[in-house]
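The values are calculated or read from the model by the stated rules, or taken from the named source; none is laboratory data. Please read all numbers here as calculations on a predicted model, not as lab measurements. No Cβ is skipped: glycine too gets one built from the backbone with ideal geometry, and neighbour counts run over all protein chains shown. The accessibility values were calculated without ligands, DNA or RNA, using every heavy atom of the protein model including side chains. Shrake-Rupley method; radii C 1.70, N 1.55, O 1.52, S 1.80 Å.
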Amino acid sequence: MGVIIEFKQIGKQYNQKSIITNFNLAIAQGELVTVIGSSGSGKTTLLKMLNGLVKPDHGTISIYQQLLSEQDIITLRRKIGYCIQGSVLFPHMTVAQNISYVLRLEHWKKKEIYRRIDECLEIVQLSEEMKQHYPDQLSGGQQQRVGIARALAADPDIILMDEPFGAVDEITRVELQKALKSIHEKTEKTIIFITHDIREALMLGTKVLVLDKGELQAYETPEQLQNNSNVFVQRLLNSRSD
Amino acid sequence: MEFIQFIGERWEFLWGLTLEHIAISVIAIVIAMILGGGIGIIVSEFQQTTRPIMGSVSFLYTIPSISLLGFLIPLTGIGNTTAIVALSIYALLPMVRNTYTGLTQVDTAIIEAAKGLGSTRWQILSHIKIPLALPVILSGLRNMITMTIALAGIASFIGAGGLGVAIYRGITTNNAQLTLVGSLCIAVIALVSDVLFVYGEQVWKKKRVACEKSVKKKKHAITVTAIIGIIIAIYFSLFNPVKPQVKIATKPMTEQYILGEMLAILIETNTDLHVDITHGIGGGTANIHPAMIANEFDVYPEYTGTGWSTVLQEPGIYTNDQFTQLQNEYSKKYNMQWTGMYGFENSYALAVRKEIATQYDLETISDLRKVAEPLVFGAEYDFYEREDGYEPLIQRYNLTFYQTVDLDIGLKYQAIEEGKIDVMPIFTTDGQASQADIVVLSDDLQFYPSYTCGNVVRHEVLQSHPELQGIFDSVTQILTNETMSQLNYDVEKNGIEPHDVARNFLEQQNLLK
Ligand SMILES: Nc1ncnc2c1ncn2[C@@H]1O[C@H](COP(=O)(O)OP(=O)(O)OP(=O)(O)O)[C@@H](O)[C@H]1O
Ligand SMILES: [Mg+2]
């Protein structure tokens with residue numbers, strides 16, 4: 001499988017404080033990368049660089065072997081599913097309208113849109129009656145699932161997910177993990193998935209990316225990670241039993 | 001009861017003004033809504049524009065309405081256009097400010113989500129920011145609508161229509177009921193529109209929840225188009241009636257209303273010309289004369305002394321023997337002429353109680369000199385402050401009164417009749433002068449300019465409608481000071497309409513066949 005995403009010597013500062021330092025990584029097509037690291041370690045910042053919401057101060061990012069800075073960012077964003085941290089939904093739109101947002105931007109046919117909304121609702125395990133609800137009528141977990149559905153709607157080849165299962169209950173979470181895994185296996189999509197939960201990271205990922213203070217600590221399969229001697233990785237693995 | 005009867009009698013007049021008021025307000029509201037919304041969007045999207053534009057808009061808002069109208073008259077003339085422009089300018093600020101506040105308050109996380117999903121800047125604005133800012137924008141719009149409807153009341157000050165006409169005419173002709181009804185109608189329009197606004201907002205919200213299929217949107221579009229169509233229709237039916245061939249203006253004074261009506265009646269009965277009167281232009285000469293130059297009016301009643309000092313800006317006091325010079329200057333500078341001099345004069349004068357005049361045999365102000373010492377002089381407060389007021393007057397005539405008294409202008413005549421004062425300044429055509437037991441002393445030293453009344457007409461109008469000369473000839477010398485003040489009294493105290501007073505008088509003079 002070829003490289004689909006590549007970070008080269010990425011550096012990023014906020015207010016003179018280094019958030020990401022000399023970050024290098026190549027992600028092969030079809031990986032499900034789980035990203036783990038403590039709060040404030042720069043996970044969201046890295047993710048946002050991939051769809052141009054954050055611009056690196058140094059270094060380059062390539063997607064599909066083409067520099068990000070040379071691509072039309074709007075076209076690219078519509079091909080990258082983005083499930084934003086905290087699943088920020090559009091409060092003035094119904095669930096159906098939220099999910100179909102990109103589809104409408106892309107001028108899909110009405111019929112196709114309705115069909116796709118139903119499919120997405122099914123993937124995230126929401127009932128059809130929810131369609132006409134507004135976000136403030138949903139629980140936190142339901143809102144997150146709508147956020148996931150919105151990111152999946154246009155069937156993008158790259159999907160960025162920023163702590164998508166944080167607020168869902170344990171049972172639904174297992175269902176959603178299964179659903180994500182099956183989407184990934186069936187479709188060869190490249191997925192980058194940020195989580196705080198080391199067990200989820202190990203269980204879901206084909207690769208696990210460990211980040212600390214803006215520096216790459218490890219990028220390996222879950223099996224390889226078990227044997228990693230990195231202090232931070234060890235601490236992470238040990239926290240599992242808590 | 002009387003009040004309701006009053007409304008019943010003036011129903012047609014008030015209804016016309018109400019429609020006109022609504023039309024003027026709605027046009028200004030729509031303009032401000034589109035323009036203010038647009039500016040609000042620009043200001044919030046392009047940060048470098050925020051300070052200069054917000055600053056200018058706020059500045060416009062602080063200009064007092066009277067001065068704003070004054071600035072606009074040279075640009076847009078007298079009438080509805082100026083009123084609409086002024087109202088739109090005032091309505092701009094609430095619209096811009098609320099649009100700006102609404103748009104900039106939208107949660108940045110929501111904007112980032114929209115951006116991350118691949119929205120263009122314009123799509124973020126139209127799909128996300130504007131809908132989310134709508135409640136704030138609408139609350140600004142709601143205030144703006146009420147404000148504009150209320151403010152439209154001042155439109156008549158510069159000759160525009162609307163209910164301000166009723167208020168203003170009520171004030172200038174001492175008709176409190178008319179003023180009250182005008183104000184009430186404005187309040188009712190404002191209230192009703194507010195209720196409709198809230199109702200419309202609710203219906204719209206419900207519809208949005210119930211169904212967002214495009215069919216409904218089309219229906220919306222049809223309703224909106226229909227409403228706009230109706231407004232445009234009202235506008236044209238109100239503002240573009242049969243093109244008048246003679247446009248008369250009057251100042252906000254009872255006698256000018258009567259004179260304007262007289263001319264209109266005479267012209268319409270004796271010629272085929274169609275007349276349009278704009279009554280009670282605020283600011284009087286200062287605004288009517290420029291409008292005459294701009295061909296917005298053809299004729300208006302004017303006083304020689306005012307023409308001399310205000311229009312020609314001649315120094316010194318105008319006396320009747322300077323009429324030829326006045327006439328020549330008007331013709332040379334403005335292509336206008338004085339014609340149809342009515343024969344009365346609306347000047348300042350001193351009046352004394354009749355018994356005193358008989359006792360001392362008084363005819364002129366100079367006659368007062370030897371008898372003033374025991375007499376009490378009464379006048380409204382500002383008479384003692386004015387340049388041509390009390391001090392210069394007593395110096396010129398070398399008078400010494402026993403005492404001076406400050407009075408409310410409305411109580412002067414009562415005070416002299418009750419003997420509280422003996423001498424007072426009046427206007428020679430004051431309505432009450434015709435009834436009171438007073439004698440008007442002539443200004444033998446010509447302290448006051450002469451304010452004989454006539455018509456100022458544009459040459460061009462007389463040339464294209466020579467038949468008008470006959471009309472002006474027929475009004476020449478038909479009024480004395482006493483008759484004019486009697487007619488004023490009929491309007492101000494007997495509550496007869498200026499139009500009816502004018503018609504009765506013309507009938508008595510056998511000028512109507
Ligand atoms: N726009 C910004 N301006 C200033 N500092 C920022 C900005 N965005 C992020 N930061 C800082 O950068 C650091 C990394 O933030 P980031 O959101 O990438 O962390 P994270 O790993 O996603 O954390 P969490 O797990 O809590 O979501 C934090 O210290 C944060 O305060
Ligand atoms: Mg984060």
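Details
- Assuming charge only on the beta carbon of Lys and Arg (+1) and of Asp and Glu (-1), the dipole of the protein assembly as shown about its Cα centre is about 5180 debye to the nearest 20.
- Over every Cα atom in chain A, the radius of gyration and the widest Cα-Cα span, Dmax, amount to 17.8, 54 Å.
- With all protein chains kept in place, the per residue accessible area of the range A:94-181 amounts to 45 square angstrom at a probe of 1.4 angstrom.
- Put the Cα centre of the range B:132-151 next to the Cα centre of the range B:1-26 and the gap is 25 Å.
- Chain B: angle of helix B:323-334 to the longest principal axis, Cα-based, in degrees nearest 10: 20
- Taken about its Cα centre, the range A:148-242 carries a charge dipole of about 80 debye when Lys and Arg each add +1 at the Cβ and Asp and Glu each add -1 at the Cβ.
- Largest to smallest accessible area among A:R199, A:R240 [probe 1.4 Å]: A:R199, A:R240
- Entry note, chain B: the mean residue ellipticity at 222 nm calculated from DSSP H runs of n ≥ 4, each adding -39500 (n - 2.57), is -18500 deg cm²/dmol after division by the residues and rounding to the nearest 500.
- This model, with +1 at the C-beta of Lys and Arg and -1 at the C-beta of Asp and Glu, gives chain A a dipole about its Cα centre of some 480 debye.
- Cα-derived Rg over Rh, computed across the range A:106-196 with Rh taken as Kirkwood radius: 0.95
- Taking both sides together, the accessible area buried where B meets A is about 2000 Å² for a 1.4 Å probe.
- For the range B:60-164, diffusion coefficient by Stokes-Einstein and Kirkwood Rh (Cα), 10 °C, 1.306 mPa s, µm²/s: 101
- Part-to-part distance (alpha-carbon centres) for the range B:345-395 and the range A:16-40, which is given in Å: 99
- Dipole of the protein assembly as shown, positive end: most advanced residue of A:I61, B:T179, B:Y168 [Cβ charges, Cα centre]: A:I61
- Relative contact order %, the range B:378-495, counting alpha carbon pairs below 8 Å whose residues are six or more apart: 31
- For the listed peptides A:143-153, A:206-216, a ranking on the average number of other beta carbons within 10 Å per residue, highest first, reads A:143-153, A:206-216.
- Shielding of A:77-90 by partner chains, average beta-carbon count, 10 Å: 4
- Neighbouring Cβ atoms from other chains, within 10 Å of the Cβ of residues in B:107-115, number 5 on average.
- Candidate cross-link partners of B:K493 among the lysines, defined by an alpha-carbon separation under 20 Å and a same-chain spacing of 8 or more, comprise B:K251, B:K412.
- Of the peptides B:478-486, B:55-63, B:69-77, the order by per-residue mean of other Cβ atoms within 10 Å, starting with the highest, comes out as B:478-486, B:69-77, B:55-63.
- Out-of-range pairs (alpha-carbon distance over 29 Å; input A:K8/B:K115; B:K354/B:K513; A:K178/B:K129; A:K131/A:K213; A:K181/B:K129; A:K43/A:K109): B:K354/B:K513; A:K178/B:K129; A:K131/A:K213; A:K181/B:K129; A:K43/A:K109
- Just so you know, the averaged projected area of the alpha carbon convex hull for the range B:240-336 sits at 7.0 nm².
- Summary of packing: across the peptides B:248-255, B:111-118, the per-residue average of other C-beta atoms within 10 Å ranks them, highest first, as B:248-255, B:111-118.
- Solvent-accessible area, 1.4 Å probe, carbon plus sulfur percent, for the protein assembly as shown: 55
- Spatial separation of Cα centroids for the range A:184-242 and the range B:259-311, in angstrom: 90
- Rolling a 1.4 angstrom probe over the protein heavy atoms with all chains in place gives the range B:1-106 an accessible area of 49 Å² per residue.
- Partner aspartates and glutamates for B:K205 [C-alpha distance under 17 Å; skip if fewer than 8 residues away on the same chain]: A:D136, B:D194
- Distance distribution note for chain B: the fraction of Cα pairs above 41 angstrom is 36%.
- With all protein chains kept in place, the per residue accessible area of the range B:148-199 amounts to 38 square angstrom at a probe of 1.4 angstrom.
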